[in-house]
């Protein structure tokens, strides 16, 4: 296992910084290729920052006039722990939620992972960092193709409003069935006197793991079926 020397020369610092930048570039390329906003620049900066934090710890370890038992007193490892805590805020900013759809979780996990790798690089743990990079890329690129072939069951609440005597219910049921969805009616009520009828439907379907194409078509299907208003929300 690699060890973290107490005294660093500039050659070792340069190697670690370049290693960190290269790591951030590789993972950032994966995110950019997937069309994510946190791409090359974000992952490279995150990995570089965590590497620099560990280099700073390394630089502070050999304090003049300190006894060997002063290392626990200095508690320098709080610096990388603080980096990981701050990483949580960046990761939270990468996650978006709308109508029950949650996106950006993989990007947030990638940023957190790159931070850990950057700390390993900054600490001189090259073999550990290289192993983590190989495994991380295998997960991001390898399992991506597996997920594309996976189908999972999804559910959403679909609320539609239509006028009295409208053929919206039968038309909408036909449109959803053609899309491969099953529909269960879960409630209905009159709104605005006897002019508008509101109906709540539970829609279920199967779709590739990382796609939400069908649920985004609900509003258009309801409009074509004669609905005056519609609202949908994913069931978690």
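FYI, it's all coordinate maths here, none of it is from the lab. What you are looking at is a predicted structure, and each value in this text was computed from that prediction instead of being measured. Note: ideal-geometry Cβ built from the backbone for every residue, glycine included; neighbour counts use all protein chains shown.
Some observations on this one:
- Sorted by Cβ neighbour density within 10 Å, fewest at the top, the residues 15, 116: 15, 116
- FRET efficiency, 1/(1 + (r/R0)^6) with R0 30 Å, evaluated for residue 146 and residue 202 via beta carbons: 0.55
- Placing a pseudo-label 7 Å from each Cα along the Cα-to-Cβ vector at residue 216 and residue 234 gives an inter-label distance of 1.2 nm.
- The relative contact order of region 109-236, computed from alpha carbon pairs under 8 Å that lie at least 6 residues apart in sequence, is 32 percent.
- Given their separation in residues at 0.36 nm each and the Cα-Cα distance between them, residue 188 and residue 105 gain 26.4 nm when the chain is fully extended.
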